[in-house]
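Let me begin by presenting the structure, written as structure tokens, before commenting on it.
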Amino acid sequence: MKRLQQTIRGGEGMIVRLYAYARLLLFMGGVLLGVQIPGFLDAYGKSLESRLQESMRSLALFQRDADRYFEGDLGRLIDHYEKTGDPVFRDGGANIAAIRERKKLLENALIDFRKSGFNAICHLILRPVKDVRDSVFETYTHVIRLDRDAVFAGLATGLLTALFPEMLLSVFLVFFGKLRKGAGKKHSLI
């Protein structure tokens, strides 16, 4: 009997150790994921900048025509293209309008992204320019930068990754405990 109790206690010790290792693995996985955040943010910001510059270069040629013929009003140039009877020019006007809208989108996204570090993270998670984010995600090379931001992001992500399952388990146990206690009580209508 004593030997059986020791075996059971030894098994419990093994479970406790496995649980501790699992928490450690979650923490380390979170740290490794978190140290990537500043590098990814930097790559996304640079990609936004380069795409904005490219759209500005594309629009500059049409802006020169607008300056020459329409007192600098690009909207009037687009209207002129769209009102001609030639379908090629109409489509050209639509393309110029699309380039102008893309430029505005990229300008606003870059302004939003540059407000602060926290805002950059919120922008990337909640309101990114999807094609830019997807492109950066596909081409991003994972590097470990050990600057202050990367260390902070890594530790914060590791801590959240390790604590999240712990909190879920606690909530489950509290809820399950209340259900078990409630099942044993008799309920009356009075």
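Okay, here's what the table says:
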{"read-out": "Failed item, numbered, when Leu26 is tested on (1) touching a Pro at 6+ places or on another chain (Cβ under 7 Å); (2) not in a helix (DSSP H, G or I); (3) not polar (S, T, N, Q)", "value": "(2)"}
{"read-out": "Test: Ala94 is open to solvent by less than 90 Å² (accessible area, probe 1.4 Å) and under 22 Å from Phe118 (Cα atoms)", "value": "no"}
{"read-out": "Residue satisfying condition, being β-branched (Val, Ile, Thr) and free of Cβ contacts under 8 Å to residues at least 60 places away in the same chain, within set Val136, Val151, Val174, Val143", "value": "Val174"}
{"read-out": "The stretch 132-159, residues that are closer than 13 Å to Leu32 by Cα and not in a helix (DSSP H, G or I)", "value": "His142, Val143, Ile144, Arg145, Leu146"}
{"read-out": "Residue check for Asp42: surrounded by fewer than 16 Cβ atoms within 10 Å (Cβ to Cβ), over 32 Å from the mean Cα position of the chain (by Cα) and not hydroxyl-bearing (Ser, Thr, Tyr)", "value": "no"}
{"read-out": "Filter result for Asn119 (in contact with an Asp or Glu (Cβ under 7 Å, 6 or more places away or on another chain), at pLDDT 90 or above, among the polar types (S, T, N, Q) and closer than 30 Å to Ser55 by Cβ)", "value": "yes"}
{"read-out": "Matching residues in the stretch 103-117 - criterion: being assigned to a helix (DSSP H, G or I) and either open to solvent by 80 Å² or more (accessible area, probe 1.4 Å) or under 18 Å from Ala60 (Cβ atoms) (or both)", "value": "Lys103, Lys104, Leu105, Leu106, Glu107, Asn108, Leu110, Ile111, Arg114"}
{"read-out": "Residue in the stretch 120-131 that is in a loop (DSSP other than H, G, I, E, B) and touching a residue at least 24 places away in the same chain (Cβ under 8 Å) present", "value": "yes"}
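Matching residues to (1) of a type in the set (Phe, Trp, Tyr); (2) under 26 Å from Leu77 (Cα atoms); (3) out of contact with any Phe, Trp or Tyr (no Cβ under 9 Å at 6 or more places or on another chain):
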position: Pro87; (1), (2), (3): no, yes, yes
position: Phe118; (1), (2), (3): yes, no, yes
position: Phe137; (1), (2), (3): yes, no, no
position: Arg148; (1), (2), (3): no, no, yes
position: Gly154; (1), (2), (3): no, no, yes
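A quick yes/no check of all residues on (1) at pLDDT 90 or above; (2) touching a Ser or Thr at 6+ places or on another chain (Cβ under 9 Å); (3) open to solvent by 70 Å² or more (accessible area, probe 1.4 Å):
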site: Arg17; (1), (2), (3): no, no, yes
site: Gly29; (1), (2), (3): yes, yes, no
site: Ser47; (1), (2), (3): yes, yes, no
site: Gln53; (1), (2), (3): yes, no, yes
site: Met56; (1), (2), (3): yes, no, yes
site: Ala60; (1), (2), (3): yes, no, no
site: Asp73; (1), (2), (3): yes, no, no
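The values are calculated or read from the model by the stated rules, or taken from the named source; none is laboratory data. Predicted model, so just to flag it, every value in this text is computed and none were measured. Quick reminder, even Gly has a Cβ in these numbers, built from the backbone with ideal geometry, and neighbours come from all protein chains shown. SASA here: full protein model, heavy atoms, side chains in, ligands and nucleic acids out. Shrake-Rupley method; radii C 1.70, N 1.55, O 1.52, S 1.80 Å.
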